[in-house]
1. How many residues does the stretch 115-144 contain that are closer than 26 Å to Asn46 by Cβ and modelled with pLDDT under 70?
2. So which helices (runs of 4 or more DSSP H) stay within the stretch 1-95 end to end and still have 1 or more residues that are loosely packed, with under 14 Cβ neighbours inside 10 Å and hydroxyl-bearing (Ser, Thr, Tyr)?
3. Report every pair of residues separated by at least 6 positions or lying on different chains whose Cβ atoms are under 7 Å apart, first residue within the stretch 199-217 and assigned by TED's automatic domain parsing to the domain that holds Ser157, second of a type outside the set (Ser, Thr, Tyr).
4. Given the criterion touching a Ser or Thr at 6+ places or on another chain (Cβ under 6 Å) and not hydroxyl-bearing (Ser, Thr, Tyr), identify the matching residue among Ala29, Ala34, Ala97.
5. Examine the stretch 164-178 for a residue that is among the small types (Gly, Ala, Ser), part of a loop (DSSP other than H, G, I, E, B), at pLDDT below 65 and surrounded by 13 or more Cβ atoms within 10 Å (Cβ to Cβ), and state whether such a residue exists.
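The values are calculated or read from the model by the stated rules, or taken from the named source; none is laboratory data. No experiment lies behind these values; they were computed from the predicted model shown. All Cβ positions, glycine included, derive from the backbone under ideal geometry; neighbour counts span all protein chains shown.
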Amino acid sequence: MKNWNDNEVKSLFSTVEKCKEENNSLVFAFSEHAKKFNRKPNSVRNYYYHEVDNLINDSKRCKSLEIDLEKHDKSHFVCFDKIQENDLFEEIDKMTAQGMSVRSACLKLSDGDLALMTRFQNKYQNMKRKLIKNTKMENNIIPFKKQRTLTDSDINSLFLGLVKLIKKTAQDELLEQGKNPIELLKNEIAIKNREFESIKNQLENLKKENTKLREKLQFETESKTKALEEHLKQKQNDESEQKRKRG
């Protein structure tokens with residue numbers, strides 16, 4: 001992570017003050033500073049709020065930087081815009097993919113500011129929940145060709161797909177709650193096992209019904225084929241008998 005020197009800190013606070021005087025948003029100030037110092041706007045925002053807290057508790061440093069904290073009222077709450085939300089989500093996703101927990105990733109991005117870390121964590125979990133809701137069914141649709149009867153292979157594929165969906169749903173529910181206590185996990189497994197057994201029984205019944213349907217279809221096909229063969233044979237006999245009489 002790129003370090004902040006005193007000159008850049010003074011520049012950031014000066015940019016914020018100027019934007020406030022011109023009635024521009026803090027988002028604009030963070031964006032302007034990010035362009036000037038080759039940083040991400042979200043990182044600038046995080047550092048600013050963290051540094052305000054530091055300076056409140058370090059009057060000596062605040063004085064050396066010549067910063068007037070009265071012009072930097074942190075009580076003014078700035079909501080995330082869409083770009084910041086996406087940047088935050090991508091940053092946390094990237095860090096968790098490297099093995100970090102969501103909490104650790106948020107703590108790092110907030111530079112140790114616990115209040116800001118909590119905001120980041122809540123925002124990420126909310127966005128994750130929406131993403132799961134929008135894509136859960138889309139990602140778990142089981143391709144299935146229309147046909148008159150189901151084959152055993154189709155039924156097995158359907159069964160395996162449902163098992164996968166149940167497992168993923170259990171994992172998603174734990175992820176949405178942001179915690180993984182042992183007792184909660186045991187309860188979820190017990191519930192999913194009962195659902196698993198119920199689906200298994202339904203599929204077994206479906207297999208039996210499917211077998212009966214195939215046997216019935218085969219019987220009807222054989223009966224019709226036999227009747228057609230007898231009809232053709234009788235027709236040939238009739239034609240032969242007519243020829244014999246004419247001869």
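1. Residues flagged as closer than 26 Å to Asn46 by Cβ and modelled with pLDDT under 70 within the stretch 115-144 amount to 1.
2. Working: elements: 6-21, 26-37, 41-56, 59-64.
Result: 59-64.
3. Ile199/Leu162; Leu203/Ile155; Leu203/Phe159; Leu206/Ile155; Lys207/Asp152; Lys207/Ile155; Asn210/Leu150; Asn210/Ile155
4. On the way: Ala34 fails: touching a Ser or Thr at 6+ places or on another chain (Cβ under 6 Å); Ala97 fails: touching a Ser or Thr at 6+ places or on another chain (Cβ under 6 Å).
Checking each option against the conditions leaves just Ala29.
5. Of all residues in the stretch 164-178, those among the small types (Gly, Ala, Ser) come to 170, 178.
Narrowing further to those that are part of a loop (DSSP other than H, G, I, E, B): 178.
Now drop any that are not at pLDDT below 65, which leaves 178.
After this cut, where a residue has to be surrounded by 13 or more Cβ atoms within 10 Å (Cβ to Cβ) as well, the list is 178.
The answer is yes, given that some residue of the stretch 164-178 is among the small types (Gly, Ala, Ser), part of a loop (DSSP other than H, G, I, E, B), at pLDDT below 65 and surrounded by 13 or more Cβ atoms within 10 Å (Cβ to Cβ).
For every residue, the table says whether it meets (1) over 16 Å from Trp4 (Cβ atoms); (2) of a type in the set (Ser, Thr, Tyr).
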| site | (1), (2) |
| --- | --- |
| His33 | no, no |
| Lys36 | no, no |
| Tyr49 | no, yes |
| Lys82 | yes, no |
| Thr96 | yes, yes |
